[in-house]
1. If the only charges are +1 at each Lys and Arg Cβ and -1 at each Asp and Glu Cβ, what is the size of the charge dipole of segment 12-121 around the Cα centre, to the nearest 20 debye?
2. Taking the simple approach of a point 7 Å from Cα along Cα-to-Cβ for both E55 and E72, what is their distance in nm?
3. Using a Förster radius of 22 Å, what is the FRET efficiency between L15 and A120 based on their Cβ-Cβ separation? Nearest 0.05, please.
4. Given N residues in the chain, what is its alpha carbon radius of gyration divided by 2.2 N^0.38 Å?
5. Based on other C-beta atoms within 10 Å, arrange W4, W46 from fewest to most.
6. Separation between the V48 and D23 pseudo-spin-labels, each 7 Å from Cα along Cα→Cβ, expressed in nm?
7. Could you tell me which residue out of V48, G7, W79 lies farthest along the dipole of the chain toward its positive end? Charges go on the beta carbon: Lys and Arg +1, Asp and Glu -1, centred on the Cα centre.
8. Which whole-angstrom value gives the distance between the alpha carbon centres of segment 92-122 and segment 14-69?
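Just so it is clear, none of the values below were taken in a lab; they were calculated from the coordinates. Quick caveat, the model's predicted, so the values are computed rather than measured. Counting neighbours? That spans all protein chains shown, and the Cβs are built from the backbone with ideal geometry, glycine included.
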Amino acid sequence: MGTWGSGNFESDTALDHLSIVVDRLVAEVAEAMADDPVTIEPDEYWGVAVPCNLELLHVLVQAGYASGSLPEAGVVEAWKETFMAVWERTIDDLEPSPAFKQERRAVLNRTFDRLADAAARRP
């Protein structure tokens, strides 16, 4: 208990803080996905912030943190289905170039898939 090393996450307080941050990232995504679909359209705040939160969660997992706090893989996959349906339905209203649309779709799919995979592999 207490402090066991000199690293930034090698104390009870640091891990408590990390847990708060991870829980917040997950809760924000869950709330956005349960809210009115308009809030996750590509030009809305949560349409941009949800993938950012997922990417941050994945980075933390890759660094060896946060895997125990991830939602189940099936939850992440359901989020992906909901998010991508809204994205596909609304992206053309913003008149993106075909190249941007293709690249962004690939990034979004990869973002959800990597987190779902990490959630499925957690101990």
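1. It comes to approximately 460 debye.
2. The two pseudo-label positions are separated by 2.9 nm.
3. Values: r = 24 Å, r/R0 = 1.07.
So the FRET efficiency works out to roughly 0.40.
4. Values: Rg = 16.2 Å, N = 123, 2.2 N^0.38 = 13.7 Å.
That works out to 1.18 for the chain.
5. Numbers: W4 9, W46 21.
Fewest-to-most ranking of W4, W46: W4, W46.
6. 2.9 nm
7. The one lying farthest along the dipole's positive direction is G7.
8. Value for the Cα centre distance between the two parts: 15 Å.
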